[in-house]
Amino acid sequence: MTNSALFLVVLLAALVLVVAALLIAKFISPHSNNALKGEPYECGIPTRGNSWVQFRSGYYLFAILFLVFDVETVMLFPWAVITKNAGMQGLVCVLFFLIVLTLGLAYAWKKGVLVWK
């Protein structure tokens, strides 16, 4: 079996399994047509007034920065495992990666994104 045929078999199997799981879930899940299901609520407490509330963009920026540095940590684990085999080129690449992320952190710090008000 060639690589492309194997790829097509795996892709077809993945599609069949996903569609089968969605169909099974649709058929065996309980259904009820209740008007209250469409109501917005939080923690079981009915809302008062308009449910569309604007949030400060600082929350989103803080979350994005968390994700960036979380991904940085995940990217450093494989490098730490192969650090002996990577040589000088691997060290330079990781240092460049860390410098770019440090500059991003310094920029966010300077803009006041990390200040929680």
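The values are calculated or read from the model by the stated rules, or taken from the named source; none is laboratory data. As the structure is a computational prediction, the values presented were derived from the model and not from experiment. In this analysis, Cβ positions are derived from the backbone assuming ideal geometry, glycine residues included, and neighbour counts consider all displayed protein chains.
If the requirement is being modelled with pLDDT of 85 or more and farther than 23 Å from S57 by Cα, which of these qualifies: I82, I99?
Result of the check over I82, I99: I99.
Out of all the residues in the range 1-32, which are of a type in the set (G, A, S) and surrounded by 10 or more Cβ atoms within 10 Å (Cβ to Cβ)?
A13, A14, A20, A21, listed by residue number.
Go over the candidates F55, F69, F7, F27 one by one and state the one that is modelled with pLDDT of 80 or more and closer than 30 Å to L101 by Cα.
F69
Mind checking which residues of the range 30-52 are of a type in the set (S, T, Y) and either in a helix (DSSP H, G or I) or at pLDDT below 75 (or both)?
Y41, T47, S51
Do we find a residue being touching a Leu at 6+ places or on another chain (Cβ under 9 Å) and hydroxyl-bearing (S, T, Y) anywhere in the range 84-104?
No, the conditions are met nowhere in the range 84-104.
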